[in-house]
Amino acid sequence: MAESRIDVSIERKDEPQPAEGKRHPNTCPSCGSHYRDEELSSALRVCRQCGHHFPMPARERIAHLADPGTFEEEAADVRSADPLEFFDLRPYRERLAEAELQTGLGEAIVIGRARLDRHPCELSVMDFSFLGGSMGSAVGEKLVRACESAAERRVPLISVTASGGARMQEGILSLMQLPKTVCAVEELHEAGGVLISVMAHPTTAGVLASFASLGDVILAEPHALLSFTGPRVVQQTTREKLPDDFGLAESNYRFGHVDAILPRTELRPYLSRLLRLFSREHRDG
Amino acid sequence: MTAEEQLRLRERLAKLKRLSLLGGTRLSSDLERLEQQLERMDAEVTDEEIWRSVELARHADRPYTLDYVERLLEDFVELHGDRGRADDQALVTGMGRFRGRTVMLIGHQKGRDLKERTQRNFGMAYPEGYRKAMRVMELAGRHGFPLFTLVDTPGAYPGVSAEQHGQGGAIARSQAVMARLGVPVVSCIIGEGGSGGAIAIAVADRVLMQENAIYSVISPEGCAAILWRDAGEARKAAAAFKPDALHSLELGVIDGIVPEPPGGAHADHDEAARLLGEALELALSEVEGTPPDVLRRERRAKFRRMGIYA
């Protein structure tokens with residue numbers, strides 16, 4: 001029924017869970033290979049056996065993409081408030097504090113200036129481990145500041161998303177981050193700026209339905225779930241039989257929603273090539 | 001509530017009074033009713049009142065977009081199809097005359113009986129619906145017609161083909177088209193303002209909400225299923241995320257509340273339409289005549305300010 005649907009959620013909706021909840025985070029969910037943390041980290045968190053892409057923490061993503069020593073974080077002081085004094089089974093403030101403790105991040109997004117292969121750019125990277133990468137007021141504000149910083153410095157913005165969607169605990173204010181970020185991308189585009197959108201697993205709901213889909217170029221990681229509504233909710237609501245690749249990057253590519261699917265190991269050189277093509281020197285010949 | 005939030009609230013209320021979006025012959029009694037609303041707000045909206053809004057917003061006899069079109073627009077011509085794949089009947093688009101001027105209209109449409117509900121897909125649009133909306137927005141922009149949007153949807157349709165045809169991207173681009181429009185845009189949430197499916201057509205210069213409408217990031221049932229792990233806890237969820245009009249006003253998300261007839265809009269469609277017409281006229285008159293560049297800039301600046309963070 002219409003009433004029971006969910007279109008924004010911070011839950012993981014698609015991970016196959018073999019031994020329910022018991023799998024170690026460094027055990028590959030598709031082939032069962034197990035890695036030490038340094039091992040996984042040095043392999044860009046891609047399984048050497050089967051190529052499965054593990055979630056990548058924002059700091060590691062930045063360390064990988066930015067030339068060494070070039071990343072300067074911006075808006076690190078922008079944190080979530082609790083405008084609704086939201087309380088479900090636990091207070092929102094407690095969930096925030098816990099996420100901060102677990103991830104070492106102040107929010108589900110990190111932004112800042114950087115160089116990639118010597119090309120100056122702005123980086124905006126989301127982290128799924130911080131409350132499901134959900135977008136509340138602070139995440140929206142930081143994404144907007146990334147757009148503004150990119151426009152002001154006339155450099156491309158590279159956005160890497162990993163998000164379950166809008167953050168329910170901030171209610172309607174979370175929904176307003178959709179138009180807020182959309183307007184910021186519009187301003188960036190009007191100023192001649194470039195947005196390259198990299199969709200990692202998962203990029204769903206409110207983030208897919210706003211800035212992430214407005215990239216001049218949209219790239220995706222293999223097998224990333226990129227859907228407005230997750231498979232579980234679609235299944236429950238419509239009782240349709242879902243295709244095996246429902247919502248996955250591969251399906252999105254087939255239907256024309258992304259420009260390319262890139263294994264993580266190939267992402268950096270690809271971005272470098274794009275930055276070169278978009279650079280002013282190239283345009284002016 | 002912190003002192004700062006109090007202040008912000010006061011400012012908004014003052015602004016609302018100045019706008020007096022209540023218009024019409026019954027202005028004084030409406031204002032009185034608003035005063036009562038404001039007093040109630042000071043005393044905090046109760047959980048029961050929030051849930052009553054949820055019920056009234058979904059009331060089976062609540063007026064839908066076409067009920068208002070019939071009463072507010074003359075010479076209405078409906079425009080069909082996204083020029084690509086389909087005509088999504090969950091979204092109605094068209095043009096008509098509103099108090100002497102041609103306007104474009106986009107609105108979600110629910111159905112009255114089972115047949116029409118199915119045909120309208122319960123007001124849940126596919127990407128094709130949002131593409132039709134974008135086409136009509138661009139048409140408005142091209143000819144300089146003001147745009148009204150009426151929002152009434154549980155959400156964008158969560159189906160396999162909706163995903164395959166790019167639901168997320170369509171909602172994102174629809175907002176982007178609205179962020180670019182150089183014509184006045186006034187939106188009103190007339191029932192359920194459900195998440196992405198709602199905001200896709202609500203990036204407006206003035207956003208209004210009917211007294212008993214709701215505007216939310218997720219349905220109460222959906223929120224309950226995730227955070228309480230029990231869809232039956234919808235009342236608790238609604239009380240926690242506060243989808244009612246007064247809270248939306250307080251949070252700076254909407255610009256004004258449109259009163260409904262006593263008992264709710266379903267009780268008297270004609271009166272509900274009259275009150276909505278007054279509010280649309282007032283809101284439109286505030287932005288009409290503004291140069292396109294200024295409209296665009298101010299609309300974006302307004303959404304740029306949304307959100308509360310530390």
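For segment B:135-150, residues that are in contact with a His (Cβ under 8 Å, 6 or more places away or on another chain) and more than 9 Å from B:ILE106 (Cβ to Cβ) total 0.
Provide a single number: the residues in segment B:105-127 that are more than 26 Å from B:LEU139 (Cα to Cα) and either buried (at least 23 other Cβ atoms within 10 Å of the Cβ) or touching a Phe, Trp or Tyr at 6+ places or on another chain (Cβ under 9 Å) (or both). Even if it seems obvious, please write down each step before you answer.
Of all residues in segment B:105-127, those more than 26 Å from B:LEU139 (Cα to Cα) come to B:111-118, B:122.
Checking which are either buried (at least 23 other Cβ atoms within 10 Å of the Cβ) or touching a Phe, Trp or Tyr at 6+ places or on another chain (Cβ under 9 Å) (or both) leaves us with B:111-112, B:122.
Of the residues in that region, 3 qualify.
Note on segment A:73-105: among residues that are part of a strand (DSSP E or B) and closer than 15 Å to A:ARG167 by Cα, the one that is modelled with the lowest pLDDT is A:PHE87.
A search for C-beta distances below 8 Å between a residue of segment A:218-232 that is on the phi > 0 side of the Ramachandran plot and any residue that is buried (at least 23 other Cβ atoms within 10 Å of the Cβ) and outside any loop (DSSP other than H, G, I, E, B), counting only pairs 6+ apart in sequence or on different chains, returns A:HIS223/A:HIS201; A:HIS223/A:LEU248; A:HIS223/A:ALA249.
Do you know which residues across segment A:196-223 are over 11 Å from A:SER163 (Cα atoms) and more than 8 Å from every other protein chain (Cβ to nearest Cβ)?
Step one: list which residues in segment A:196-223 are over 11 Å from A:SER163 (Cα atoms), which gives A:196-198, A:209-211, A:213-223.
Within segment A:196-223, A:ILE196, A:SER197, A:VAL198, A:GLY215, A:ASP216, A:VAL217, A:ILE218, A:LEU219, A:ALA220, A:GLU221, A:PRO222, A:HIS223 qualify.
In the set (1) more than 7 Å from chain A (Cβ to nearest Cβ); (2) within 30 Å of B:ARG274 (Cβ to Cβ); (3) charged (D, E, K, R), the condition left unmet by B:ARG235 is number (2). The set of residues in segment A:63-72 that are of a type outside the set (D, E, K, R), surrounded by fewer than 20 Cβ atoms within 10 Å (Cβ to Cβ) and not in a loop (DSSP other than H, G, I, E, B) comprises A:ALA63, A:HIS64.
Residue-wise test of (1) within 11 Å of the chain's Cα centre (by Cα); (2) among the aliphatic types (A, V, I, L, M); (3) modelled with pLDDT of 95 or more; (4) not assigned by TED's automatic domain parsing to the domain that holds A:SER279.
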residue: A:ASP117; (1), (2), (3), (4): no, no, yes, no
residue: A:GLU152; (1), (2), (3), (4): no, no, yes, no
residue: A:LEU178; (1), (2), (3), (4): no, yes, yes, no
residue: A:HIS201; (1), (2), (3), (4): yes, no, yes, no
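Could you please find all residues in segment B:121-136 being over 16 Å from the mean Cα position of the chain (by Cα) and over 21 Å from A:THR237 (Cα atoms)? Matches in segment B:121-136: B:ARG131, B:LYS132, B:MET134, B:ARG135, B:VAL136.
Given the structure, is B:ASP205 among the charged types (D, E, K, R) and surrounded by 24 or more Cβ atoms within 10 Å (Cβ to Cβ)? Show your work before the answer.
Working: among the charged types (D, E, K, R): yes; surrounded by 24 or more Cβ atoms within 10 Å (Cβ to Cβ): yes.
Criteria met by B:ASP205.
For A:LEU226, indicate whether it is over 26 Å from A:CYS47 (Cα atoms) and under 16 Å from the mean Cα position of the chain (by Cα). Before the answer, list the steps.
Values: over 26 Å from A:CYS47 (Cα atoms): no; under 16 Å from the mean Cα position of the chain (by Cα): yes.
Criteria not met by A:LEU226.
Hey, does segment A:171-192 have a residue that's touching a residue at least 24 places away in the same chain (Cβ under 8 Å), at the interface with chain B (Cβ under 8 Å from one of its Cβ atoms), aliphatic (A, V, I, L, M) and more than 23 Å from B:GLU298 (Cα to Cα)? No, the conditions are met nowhere in segment A:171-192. Scanning segment B:273-310 for residues that are within 14 Å of another protein chain (Cβ to nearest Cβ), surrounded by fewer than 20 Cβ atoms within 10 Å (Cβ to Cβ) and over 30 Å from A:LEU96 (Cα atoms) turns up B:PRO292, B:ASP293, B:LEU295, B:ARG297, B:GLU298. Look at (1) over 23 Å from B:PRO146 (Cα atoms); (2) modelled with pLDDT of 95 or more and you find that B:ASP82 fails only one, number (1). Figure legend. Inter-residue proximity from segment A:254-265: first residues more than 14 Å from chain B (Cβ to nearest Cβ), second residues hydroxyl-bearing (Ser, Thr, Tyr), beta-carbon distance below 8 Å, spacing 6+ or different chains. Indicated pairs: A:ALA260/A:TYR253; A:ALA260/A:TYR270; A:ILE261/A:TYR253; A:LEU262/A:TYR270. Filtering segment A:231-249 to residues that are more than 8 Å from chain B (Cβ to nearest Cβ) and closer than 14 Å to B:ALA225 by Cα leaves A:ARG232, A:GLN236.
The number of residues in segment B:207-224 that are facing chain A (nearest Cβ under 7 Å) and in contact with a Pro (Cβ under 8 Å, 6 or more places away or on another chain) comes to 3.
Residues in segment A:162-218 that are surrounded by fewer than 24 Cβ atoms within 10 Å (Cβ to Cβ) and of a type in the set (A, V, I, L, M, F, W, C): A:ALA191, A:VAL194, A:ILE196, A:LEU214, A:VAL217, A:ILE218. Filtering segment A:106-133 to residues that are surrounded by fewer than 24 Cβ atoms within 10 Å (Cβ to Cβ), in a loop (DSSP other than H, G, I, E, B) and of a type in the set (D, E, K, R) leaves A:ASP117, A:ARG118.
Candidates B:ALA238, B:ALA273: the one that is under 21 Å from B:PRO63 (Cα atoms) and assigned to a helix (DSSP H, G or I) is B:ALA273. Just give me the residues in segment A:236-285 being touching a Phe, Trp or Tyr at 6+ places or on another chain (Cβ under 9 Å) and not in a loop (DSSP other than H, G, I, E, B), in sequence order. Those that are touching a Phe, Trp or Tyr at 6+ places or on another chain (Cβ under 9 Å) and not in a loop (DSSP other than H, G, I, E, B): A:THR237, A:THR238, A:ALA260, A:ILE261. How about segment B:49-105: which of its residues are touching a residue at least 40 places away in the same chain (Cβ under 8 Å), farther than 30 Å from B:ALA237 by Cα and within 16 Å of the chain's Cα centre (by Cα)? Within segment B:49-105, B:LEU66, B:ASP67, B:TYR68, B:THR93, B:MET104, B:LEU105 qualify.
The values are calculated or read from the model by the stated rules, or taken from the named source; none is laboratory data. Fair warning: this is a prediction, and the values are worked out from it, not measured in the lab. Here Cβ is always computed from backbone atoms with ideal geometry, including for glycine, and neighbour counts include all displayed protein chains.
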